[in-house]
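The values are calculated or read from the model by the stated rules, or taken from the named source; none is laboratory data. Only a predicted model underlies this, so the values are computations on that prediction, with no experimental measurement involved. Here the Cβ positions follow ideal geometry from the backbone for every residue, glycine too, while neighbour counts run over all protein chains shown.
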Amino acid sequence: MSNATMRAVVYEKPFSVVIRDVEKPKIVHPDDVIVKVTTSCICGSDLHMYEGRTAAEPGIVFGHENMGIVDEVGPAVAVLKKGDRVVMPFNVGCGRCANCEEGRSAFCTHVNPGFVSHYDSYVAMGPYKGGQAEYVRVPYADFNALKLPPGKENEADFSLLADIFPTGWHGVKLSGFKPGESVVVFGGGPVGLMAAYSANIQGASDVYVVDRVKERLDKAREIGCIPIDFSKGDAVDQILKLRGGNEVDRGVDAVGYQATTGDGKTEQPNVVLESLIRVVKPTGGLGIPGLYVPKDPGAPDSAAAKGYISFPFGKLFEKGLTIGTGQCNVKSYNRYLRDLIISGKAKPSFVVSHEVSLDQAPAAYDKFDRRVEGYTKVLLHP
């Protein structure tokens, strides 16, 4: 490998990623920095691409949850300097458009007009190569990179500031949650567990986590939540029975468009939305950070393939429920969550199951996708 190339995780075809030498990023705009990656996470959203369930093209570099050390600095960068330890939001913002100025950096209209921008060109959401590599270019770096304390302390915790900790927090906020209320989170994967953890930190009275994977339900119990195994019966019925027939105040969908029925194999994209509408009280709220896409090549029916999903809107209207949706505006939360980590008030790395080298990424993707050997959240170290 020459100084002009680096190792990276490259999408080859559905269910296959490989480690290849690719071009090392360069400063192309005065606002750029180049970061030497110390940790990059495998995200559940990466699996959508890995499984061929998006329009992702072979050859792209994966990785939108990145942190590391600033290695090169563009001439217009004023805040960051070489040697700074930083973590980057998974969505790229310019910091200058109307949405960025209003704190809606996930919907930057300058970087990628009309939709969300990621590292890794995630399903046509942005032009930037991902960070499951030795180096990554960070555009609009003073805006996008969050400075961290120097050293190696809390590495796993800080890496989760790129996506899942803020996204879980965002899911609870989208629901309209107020301290003292009860919350149900559908999906006990990394984002779901972060939503449940965030609800606890924000002062929830009861938090229910719905899943069917034992390791996830065990983690939910460990952080003081009430696990609900939907493979053993209808989740809503189980919750209502535990609550003496009373519904919950708020619900979070941390599953998204690949939701399944109780067998864990039969996809039913609307099943979580239907359950939330049933289990949340009249005038309650739904937060939906779980990913839904406008096109799904592997959808179970022609409507879902076009992003159309049916759910009981009449019941939603009748109950006066509110809905909040959309990707997380990471910058609205990450510095505050960073400080919770620094103070010892938050330790989100409890979700991390494996830390492996970059070279082990292909095997880690396979195991994470098959939910084997306890693979729940994987960190890659180049």
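Observations on the structure shown:
- Test: residue in region 299-314 that is of a type in the set (D, E, K, R) and either touching a Cys at 6+ places or on another chain (Cβ under 7 Å) or not assigned by TED's automatic domain parsing to the domain that holds residue 14 (or both): yes
- Condition met for residue 94 (farther than 24 Å from residue 151 by Cβ, touching a Gly at 6+ places or on another chain (Cβ under 6 Å) and either in the same structural domain as residue 138 (by TED's automatic domain parsing) or outside any loop (DSSP other than H, G, I, E, B) (or both)): no
- Filtered residue count, region 75-112, keeping only those that are crowded, with 20+ Cβ neighbours inside 10 Å and aliphatic (A, V, I, L, M): 7
- Residues satisfying the stated conditions in region 1-21, i.e. surrounded by fewer than 20 Cβ atoms within 10 Å (Cβ to Cβ), touching a residue at least 60 places away in the same chain (Cβ under 8 Å) and touching a Gly at 6+ places or on another chain (Cβ under 9 Å): 15
- Neighbours by Cβ (under 8 Å, 6+ apart or cross-chain): first from region 354-371, assigned by TED's automatic domain parsing to the domain that holds residue 19; second part of a helix (DSSP H, G or I) and of a type in the set (Phe, Trp, Tyr): 365/50; 369/50
- The one condition in (1) assigned to a loop (DSSP other than H, G, I, E, B); (2) at negative phi; (3) at pLDDT 95 or above; (4) small (Gly, Ala, Ser) that residue 275 fails to fulfil: (1)
- The set of residues from region 10-63 being among the acidic types (Asp, Glu) and either under 22 Å from the mean Cα position of the chain (by Cα) or not in a strand (DSSP E or B) (or both) comprises 31, 32, 46, 51, 57.
- Just one of the listed residues (249, 237, 218) is outside any loop (DSSP other than H, G, I, E, B), touching a Pro at 6+ places or on another chain (Cβ under 9 Å) and acidic (Asp, Glu), and it is 218.
One line per residue, one yes/no per condition, for (1) crowded, with 19+ Cβ neighbours inside 10 Å; (2) in the same structural domain as residue 294 (by TED's automatic domain parsing); (3) free of Cβ contacts under 8 Å to residues at least 60 places away in the same chain; (4) in contact with a strand residue (DSSP E or B) (Cβ under 7 Å, 6 or more places away or on another chain):
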residue: 192; (1), (2), (3), (4): yes, yes, no, yes
residue: 204; (1), (2), (3), (4): yes, yes, yes, yes
residue: 214; (1), (2), (3), (4): no, yes, yes, no
residue: 221; (1), (2), (3), (4): no, yes, yes, yes
residue: 244; (1), (2), (3), (4): no, yes, yes, no
residue: 254; (1), (2), (3), (4): yes, yes, no, yes
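- Look at (1) surrounded by fewer than 16 Cβ atoms within 10 Å (Cβ to Cβ); (2) on the phi < 0 side of the Ramachandran plot; (3) more than 18 Å from the chain's Cα centre (by Cα); (4) touching a residue at least 40 places away in the same chain (Cβ under 8 Å) and you find that residue 347 fails only one, number (3).
- Residue identified as in the same structural domain as residue 149 (by TED's automatic domain parsing), in contact with a helix residue (DSSP H, G or I) (Cβ under 8 Å, 6 or more places away or on another chain) and not hydrophobic (A, V, I, L, M, F, W, C) among 12, 65, 57: 65
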